Amino acid sequence: MTNAGSAGSSSAGTDGGVAAGRLQAAVEERLGAWEADRVAQRLWSKDGTLWAASGKAPDALAAWMGWLDLPAAMTDRIQELTHLRDDILRDGYRRAGVLGMGGSSLAPELFSRSFEAPPDQGAELRILDSTHPEAVRGFREWARSARTFFCVSSKSGTTTEPNAYHAAMAEVAPALDFLAITDPGTPLADLARAQEFRGIVEGPSDVGGRYSALSVFGLVPAALHGVDLGGLLERAMAMADACRRPASRNPGLRLGAFMGEAARGGRDKLTILTSPRLAAFGDWVEQLIAESTGKAGTGIVPVVGEAPAPAEVYAADRCFVFLALASEADPALSRLALDLKRLGHPVEEIVLADAFDLGAEFVRWEVATAAAGIVLGIDPFDQPNVQESKDATKALLAAYAEQGALPASAPIVAETGLSAYADVRVLGDAPVSVDGAVRQLLDLVGDGDYFAILAYVPKDPDLEARLQQVRRRVRDALGVATTLGFGPRFLHSTGQLHKGGPPSGVFLQITAEPRKDLPIPGWEETF
């Protein structure tokens, strides 16, 4: 990892090099203070007073720090998970489907996209985390075309979406095709026992969902996919050891100081650029950072999946991390990193020897995110506004069950096949067209803001490419950071940041009526 910061002038500002130098000085000062305060030792001792500025009780904070134990604890469970994989393959399963959301789906998706299942040593892995009828229908058809084993994955055991997915898949598969991955004593565990699932794998209750990649929520799907857990956890253990060092030589604390001090200095748009096989790492770390830091009106805005641009395009609210596999060295990205440094943008670069280094990166970024929480004075382990969304969803479902329909709202403008909904008081004037409504929304975007596209549509490659094109055009025209999330997964990923973070987001939500609705077996609602 290298730190950047050389003099230059650009969209980062005429004093870009000075600003980068100030950030580097702030990082070193922070690390020096942390070293004097024995922050590394206190972190591994689960000392909740590290986040005293959040106002939370130290014991309440420490109760969520079990993620620090996972590399060693899960090493002791490798044989158990390997036997599970062998049993599944022996019984003829060739595919594994994860039914989950947020922390229960993003790490499995990363494993599915970064590792190829070895012949006869792993199952093809796919994740369902969309409630769009077409996505659910397509996943079910994929599962029916070869023998598929399902992991119903939910820490709380009450998350609406995985429960609905299970109902849909249970209609076409017997109970023995299902495994529950959940915390002890949850309603999902009770359901699994009542319906006689093939098994239940319990996760640690002292680990939050976004910190659970190296727990059973990530490693059971990884094992089924044929990932060598020993190799993955060996790298995780090595990084855990490195993150026990004093702050100045601690890769996790150094990255956390970089992230936190950058945000404090106005560079709160953490732009993460990856090589192709690591693209899904961006999605995983997006949830980790957004949900951990986006609260109390502050936070770090992770910008992932945004196409690279010439260095001059980026504004002074950005900082950058480049992640690449050594086998995917990209000269264009290397030149961009150099150009950004010359223009005074803060840049960190991380090279992974191979995909097994993801084990190390889980640890590095979890430590870094917790450390950034110290800098920002917030609790990095809670998610107050996510629970608000879950409660609101349940209230809407209750209203639907009682009235047979969701509460209706009127569009501010409607055209053939297209309608726009907004608070006219926010837009300023009533638009005369949908195009006009979007233009008025874009007029609200100012310096230091970010533009978020929230798409409640199937994650179709062609549609995603079109939305990425919209991102590029908005970024290049307005000079602001852009994000893209698909619903409902973004509610479990960046939703906390959108509601509890800095008031700098301008949001465009896109929905589409399905061609054909899909009932949820046993439910009054449909997908």
key: Residues of the range 205-235 classified as closer than 27 Å to residue 175 by Cβ, surrounded by 19 or more Cβ atoms within 10 Å (Cβ to Cβ) and either polar (S, T, N, Q) or under 20 Å from the mean Cα position of the chain (by Cα) (or both), total   = 10
request  = Grab the strands (runs of 3 or more DSSP E) fully contained in the range 383-483, keeping just those with 2 or more residues being farther than 30 Å from residue 310 by Cβ.
outcome  = 413-415, 418-420
key: Looking only at the range 57-78, and only at residues there that are more than 24 Å from the chain's Cα centre (by Cα) and assigned to a loop (DSSP other than H, G, I, E, B), the one that is nearest to residue 258 (Cα to Cα)   = 57
message = Test of understanding: among 353, 326, which residue is more than 25 Å from residue 476 (Cβ to Cβ), out of contact with any Asp or Glu (no Cβ under 9 Å at 6 or more places or on another chain) and surrounded by fewer than 20 Cβ atoms within 10 Å (Cβ to Cβ)?
response = 353
query = Name the pairs: first residue in the range 494-523 and over 18 Å from residue 269 (Cβ atoms), second residue charged (D, E, K, R) and part of a loop (DSSP other than H, G, I, E, B), Cβ to Cβ under 7 Å, at least 6 apart or on different chains?
reply = 521/171
key: Selection status of residue 100, crowded, with 22+ Cβ neighbours inside 10 Å, over 24 Å from the mean Cα position of the chain (by Cα) and either more than 25 Å from residue 386 (Cβ to Cβ) or of a type in the set (Gly, Ala, Ser) (or both)   = no
key: Cβ-Cβ under 6 Å pairs, at least 6 apart or on other chains, the range 318-337 side under 22 Å from residue 364 (Cα atoms), far side assigned to a helix (DSSP H, G or I) and among the small types (Gly, Ala, Ser)   = 319/262; 322/337
key: Residue check, residue 344 modelled with pLDDT under 95 and closer than 18 Å to residue 266 by Cα   = yes
query = What single numbered condition from (1) under 28 Å from residue 392 (Cα atoms); (2) part of a helix (DSSP H, G or I) fails to hold for residue 223?
reply = (1)
ask   = Would you call residue 179 in contact with a His (Cβ under 7 Å, 6 or more places away or on another chain) and not in a loop (DSSP other than H, G, I, E, B)?
value = no
note = Within the range 350-372, restricting to residues that are touching a helix residue (DSSP H, G or I) at 6+ places or on another chain (Cβ under 6 Å) and not hydrophobic (A, V, I, L, M, F, W, C), the one that is nearest to residue 264 (Cα to Cα) is 369
key: Answer residue from the range 102-135, given it is among the polar types (S, T, N, Q) and in a helix (DSSP H, G or I) and is farthest from residue 150 (Cα to Cα) among those   = 114
inquiry  = Can you tell me which condition residue 43 does not meet? The list is (1) part of a helix (DSSP H, G or I); (2) surrounded by fewer than 19 Cβ atoms within 10 Å (Cβ to Cβ), and all the others hold.
reply    = (2)
message = Among the residues that make up the range 448-458, is at least one of them without any contact (Cβ under 8 Å) to a residue 24 or more places away in the chain and out of contact with any Asp or Glu (no Cβ under 6 Å at 6 or more places or on another chain)?
response = no
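The values are calculated or read from the model by the stated rules, or taken from the named source; none is laboratory data. Quick caveat, the model's predicted, so the values are computed rather than measured. As a convention, Cβ positions derive from the backbone with ideal geometry for all residues, glycine included, and neighbour counts pool all protein chains shown.
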